[in-house]
Structures are given as structure tokens and as C-alpha cells.
Amino acid sequence: MCPSPIKQAVEIRKPLEINAELQGQSLSFATTYGIFSPKEIDDGTKLLLRYLDVESDFNCLDLGCGYGPVGIWMAKNAPAGRVIMLDKDFVAVDFANRNVSKNNLKNAEAKLSNGFSALSDEKFDLIVSNIPAKVGNEMLYLFLYDAYHHLKPGGKFVVVTVNGLRHFCKRTFKEVFGNYKKIKQGNAYTISATTKD
């Protein structure tokens with residue numbers, strides 16, 4: 001006999017939990033269906049974290065944070081700095097803030113934001129994004145222009161994208177920042193970076 005639809009709905013609504021060892025940090029995340037990669041840390045994020053350098057006093061931004069794995073990892077690695085996480089999905093922001101508390105962090109917070117819209121004039125040493133493949137060229141340009149504005153001189157913008165966006169990143173990073181570096185290309189994802197001179 002199949003379980004009733006009500007029982008099935010109750011099961012699906014239960015919060016999910018991910019416990020992960022991410023580049024030397026043991027982290028725990030509450031997640032839920034409806035936000036990106038709710039059952040496991042996605043491969044793009046895992047690849048990104050392998051090639052991300054975060055100094056202990058860095059001020060960092062995680063753009064499109066989801067439930068917070070990248071931002072929370074950066075906050076753990078920058079105890080003397082601060083991390084702001086941004087997402088346009090209110091459920092993701094709620095879970096990211098829950099996960100800040102869950103991982104006993106005092107130097108990170110998530111904000112509801114369309115791109116960089118929730119910021120005023122904050123400046124960062126490092127801005128990171130796991131950019132969705134279908135965000136659209138206009139938003140990608142806005143991300144680049146706003147990242148340039150919000151980076152300190154010498155600051156870096158590092159992104160992980162599906163491989164299909166790597167040529168777009170190379171062209172637009174050079175156009176907006178004047179430089180581009182391909183850090184790593186895997187089977188499905190590419191890590192790209194640019195630096196504000």
C-alpha cells in the first residue's frame with residue numbers, strides 16, 4: 001500500500017542536512033527542496049573551493065549564495081574579515097543565515113538582493129560566484145560592472161561556470177577589467193578570475 005499524499009508531502013517538507021568536509025573545513029548545512037543542489041554540495045562549488053585563496057583578514061562577497069556553502073567556507077577561512085552573501089531567493093537567504101548560526105560564525109550574513117542591489121558602497125578583497133548558466137548576458141555584464149565597483153584595488157573576482165560560458169567570461173572579463181585568467185577547466189566547469197588593477 002502506498003503512503004498517503006499527505007504523508008508524502010510531510011516527508012518532502014522535512015529539512016535536509018548536508019555534512020561536508022570542504023577543503024579542510026568540516027561544515028554543516030540545513031537545506032530544503034526548491035533551492036539549488038539541496039541534497040549535496042554541487043561539483044562546481046567543490047571545484048571552486050579547491051582553487052580559492054582566502055586570507056584570514058579578507059572581506060569577501062558570495063554572489064548568488066544559495067544556502068551558503070561558499071560564503072560560509074570563506075567566513076571560516078577569514079576569521080578576521082567579514083563575508084556578505086547575496087541571493088535573490090528569499091528561501092536561500094533564510095537558509096544561508098540559518099547556516100551561519102549552525103556553523104557558529106559571527107563574521108557572515110546573507111542578504112536578499114538582485115545582483116549587488118542590497119549593497120551601498122562596500123569594498124571587498126574577493127568576490128566569488130557560482131554563476132547560473134541561464135542568468136542571461138545582461139545580468140552577467142551587470143555582475144561584472146558591479147564587481148569592479150565593489151572590489152578594492154588588487155581585489156579579485158572569481159567565478160565557476162559551466163564550460164559553455166568560458167569564452168564569454170574570457171571576453172567580458174578582458175572588456176570590463178582588462179585581464180582574465182583561466183584557473184582550472186574541468187569536465188563540466190571552468191574557474192575564471194580577474195583582478196581589479
**Report entry** Candidates Phe168, Phe157, Phe173, Phe177, filtered to the one that is modelled with pLDDT of 95 or more and more than 19 Å from the chain's Cα centre (by Cα)
**Finding:** Phe177
Query - Only listed residue being in contact with a Ser or Thr (Cβ under 9 Å, 6 or more places away or on another chain) and at pLDDT 95 or above, chosen from Leu27, Leu105, Leu52, Leu61 - result: Leu61
Report summary line: Note: among Phe143, Phe157, Phe173, Phe177, just one is in contact (Cβ under 8 Å) with a residue 60 or more places away in the chain and within 25 Å of Phe58 (Cα to Cα), namely Phe143
Report task. Could you grab me the full set of residues in the range 65-94 that are over 17 Å from Tyr33 (Cβ atoms) and out of contact with any strand residue (DSSP E or B) (no Cβ under 9 Å at 6 or more places or on another chain)? Result -> Pro79, Ala80
Query raised in the report: So which strands (runs of 3 or more DSSP E) stay within the range 35-135 end to end and still have 2 or more residues that are surrounded by fewer than 21 Cβ atoms within 10 Å (Cβ to Cβ)?
Result: 108-112
Report task. All but one of (1) among the basic types (Lys, Arg); (2) at pLDDT 85 or above; (3) assigned to a helix (DSSP H, G or I) hold for Lys7, so report the exception by its number. Result -> (2)
Query raised in the report: Within the range 95-126, which residues are touching a strand residue (DSSP E or B) at 6+ places or on another chain (Cβ under 6 Å) and either within 13 Å of Leu151 (Cα to Cα) or of a type in the set (A, V, I, L, M) (or both)?
Result: Ala96, Val100, Ala108, Ala110, Ala118, Lys123, Phe124, Asp125, Leu126
**Report entry** Candidate set from the range 10-34 (those that are part of a loop (DSSP other than H, G, I, E, B) and among the hydroxyl-bearing types (Ser, Thr, Tyr)); member that is surrounded by the most Cβ atoms within 10 Å (Cβ to Cβ)
**Finding:** Thr32
Requested in this report: Hey, can you tell me all the residues within the range 142-197 that are of a type in the set (S, T, N, Q), under 18 Å from Leu48 (Cα atoms) and surrounded by fewer than 21 Cβ atoms within 10 Å (Cβ to Cβ)?
Outcome: Asn163, Gln185, Asn187, Thr195
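The values are calculated or read from the model by the stated rules, or taken from the named source; none is laboratory data. Predicted, not measured: the structure shown is a model, and the values here were computed from it. In this analysis, Cβ positions are derived from the backbone assuming ideal geometry, glycine residues included, and neighbour counts consider all displayed protein chains.
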